[in-house]
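Encoded as structure tokens, the structure appears first; notes follow it.
The values are calculated or read from the model by the stated rules, or taken from the named source; none is laboratory data. Quick caveat: nothing in here was measured; it's all calculated off a predicted structure. Don't worry about glycine lacking a Cβ; one is built from the backbone with ideal geometry, like all the others, and counts go over all protein chains shown. Heavy atoms of the whole protein, side chains included, go into the accessibility calculation; ligands, DNA and RNA do not. Shrake-Rupley method; radii C 1.70, N 1.55, O 1.52, S 1.80 Å.
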Amino acid sequence: ESILQDINAGLEFLLTKGVKEGEVSAIGFCWGGWAIAKSASEGISWKSGVSPHPSTKLEKFAFGMDEELMFSKVSMPFLLMPAGEDPDILKPGSSVVKKLEEAGGASVPFESMRHGWVSRGDLSIPDVKENIEKALAQMLEFIEKQY
């Protein structure tokens with residue numbers, strides 16, 4: 001409940017600055033992907049969402065709720081970018097991803113990457129640096145397509 005209050009407060013602030021309701025996209029790394037999915041499933045009207053290495057498993061692990069049910073209520077374009085070790089529920093072919101695809105979303109796995117690579121990956125490793133740059137470019141492209 002607290003996360004929804006915080007998100008609502010942030011969105012209300014943006015409205016005072018001239019941002020139109022329903023025109024805000026969100027990027028959430030790790031548990032931030034859960035916050036986007038949870039808030040969207042509870043009525044926050046995001047324009048779109050993107051989550052590299054999402055930790056939406058928090059819905060069950062931390063809160064005892066149903067992760068698939070949460071995703072079934074997400075109706076915005078949502079791009080998931082799971083790392084190789086992230087759960088299969090976040091990868092192409094899963095029921096969650098099929099539902100997201102119906103709303104203009106997708107899952108683009110980065111199988112050779114470890115969870116957290118975008119926000120804390122070692123840029124001195126060429127493969128990690130290349131995949132971070134690829135993910136950032138795909139994130140921006142996905143969001144830009146929504147406007």
Distance from segment 19-59 to segment 82-101 (C-alpha centre basis), Å: 16
With Cα atoms, 0 to 90° folded angle of helix 126-145 axis to the chain main axis: 30
Principal-axis tilt of helix 31-41 within the chain, Cα atoms, nearest 10 degrees: 40
Entries in Lys60/Lys134; Lys73/Lys134; Lys38/Lys91; Lys60/Lys129; Lys17/Lys38; Lys60/Lys98 that, when Cα-Cα distance is taken, lie over 22 Å: Lys60/Lys134; Lys73/Lys134; Lys60/Lys129; Lys17/Lys38
Selected from Leu136, Leu90, Leu58 as most flexible by GNM, with the chain as the system and alpha-carbon contacts under 10 Å: Leu136
Relative contact order (%) - the chain, alpha-carbon pairs under 8 angstrom, separation at least six: 19
Solvent-accessible area per residue, Å², over segment 1-96 with all protein chains present [probe radius 1.4 Å]: 49
Estimated dipole of segment 12-144 in Debye, rounded to 20 [Cβ of Lys and Arg +1, of Asp and Glu -1, Cα centre]: 200
Percent accessible area from carbon and sulfur atoms, the chain, protein chains only, probe 1.4 Å: 54
Estimated FRET transfer efficiency (Ser75, Ser124; beta-carbon r; R0 41 Å; 0.05): 0.50
Sparsely packed GluC sites (Glu not before Pro) within segment 9-48, loop by DSSP, other Cβ within 10 Å at most 11: Glu21
